[in-house]
Amino acid sequence: MLENIGVASFTINCGNLMMWSHYSNFHKGICLGFNQQVDLEYFASFPMNYLEYPEEYKPYEYDSTDEDDHTRALQHFVKTKTFLWKNENELRIIRQNSGKMNFPEKSLEFVVLGIEITPDFQEKVLEAISKNGNYSNLRILKLSPSEENIFGLNFKEIQPLTKAKFHGR
């Protein structure tokens, strides 16, 4: 049942310190910021159902001959997590096929570079952006530790991304 589905996970808070620690190689990675309003159908997602007690989880009995019921069963299964992950504020998109998904180009609004991103990886990210689409309005943000809050993060916009920068014009 699960081998042919694709799941993409998102958070509504790209400044979540734990998310950066868990999912970006301890601040060495990036975060892509999307505007889901650009393509509501593509970004049709649902929030996770966080359960405090395992006994609250009720298996979904479904009719395997009914494709709509099969879809509901998959959504039930992949949208449930323990409450211990609630701070992720996760949204998921489920597709009936697995593999790479190309997002609508105009939906990408910003890229956040982690605090500990290496100069080499940062250059690779910026080069990939410049070669793979029309992102002239894309904002590039760099994280830094907050001076006001020991557990906070600050976002600083760095030099706007332009094709001219990458092509020597």
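The values are calculated or read from the model by the stated rules, or taken from the named source; none is laboratory data. If you're wondering where the values come from, they're calculated on a predicted model, not measured in any experiment. Note: ideal-geometry Cβ built from the backbone for every residue, glycine included; neighbour counts use all protein chains shown.
A few comments on the model shown:
Conditions (1) under 20 Å from the mean Cα position of the chain (by Cα); (2) at pLDDT 85 or above, marked per residue:
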site: 57; (1), (2): no, no
site: 65; (1), (2): no, no
site: 71; (1), (2): no, no
site: 92; (1), (2): yes, yes
site: 97; (1), (2): yes, no
site: 102; (1), (2): yes, yes
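- Failed item in (1) among the hydrophobic types (A, V, I, L, M, F, W, C); (2) out of contact with any Cys (no Cβ under 7 Å at 6 or more places or on another chain); (3) not in a loop (DSSP other than H, G, I, E, B), with residue 44 passing the rest: (3)
- The single condition among (1) of a type in the set (A, V, I, L, M, F, W, C); (2) surrounded by 15 or more Cβ atoms within 10 Å (Cβ to Cβ); (3) part of a strand (DSSP E or B) that residue 8 does not satisfy is (2).
- Cross-chain or 6+ apart pairs with Cβ under 9 Å, region 27-48 first and closer than 21 Å to residue 100 by Cβ and touching a residue at least 12 places away in the same chain (Cβ under 8 Å), then outside any helix (DSSP H, G or I) and among the polar types (S, T, N, Q): 30/24; 31/11; 31/24; 36/45; 43/35
- Flag if residue 133 is more than 16 Å from residue 30 (Cα to Cα), modelled with pLDDT of 85 or more and within 22 Å of the chain's Cα centre (by Cα): no
- Any hit, region 146-158, residues being within 18 Å of the chain's Cα centre (by Cα), modelled with pLDDT under 90 and surrounded by 11 or more Cβ atoms within 10 Å (Cβ to Cβ): no
- Region 86-132, subset without any contact (Cβ under 8 Å) to a residue 40 or more places away in the chain and assigned to a loop (DSSP other than H, G, I, E, B), residue farthest from residue 158 (Cα to Cα): 100
- Qualifying residue in region 75-85 (condition: among the basic types (Lys, Arg), surrounded by fewer than 14 Cβ atoms within 10 Å (Cβ to Cβ) and not in a loop (DSSP other than H, G, I, E, B)): no
- Residues of region 133-145 classified as in a strand (DSSP E or B) and either surrounded by fewer than 16 Cβ atoms within 10 Å (Cβ to Cβ) or out of contact with any Phe, Trp or Tyr (no Cβ under 6 Å at 6 or more places or on another chain) (or both), total: 5
- Test set (1) within 22 Å of residue 79 (Cα to Cα); (2) more than 14 Å from the chain's Cα centre (by Cα) - residue 28 fails condition number: (1)
- Filtered residues of region 33-53 (kept if under 30 Å from residue 151 (Cβ atoms) and surrounded by fewer than 14 Cβ atoms within 10 Å (Cβ to Cβ)): 35, 46, 47, 49, 52, 53
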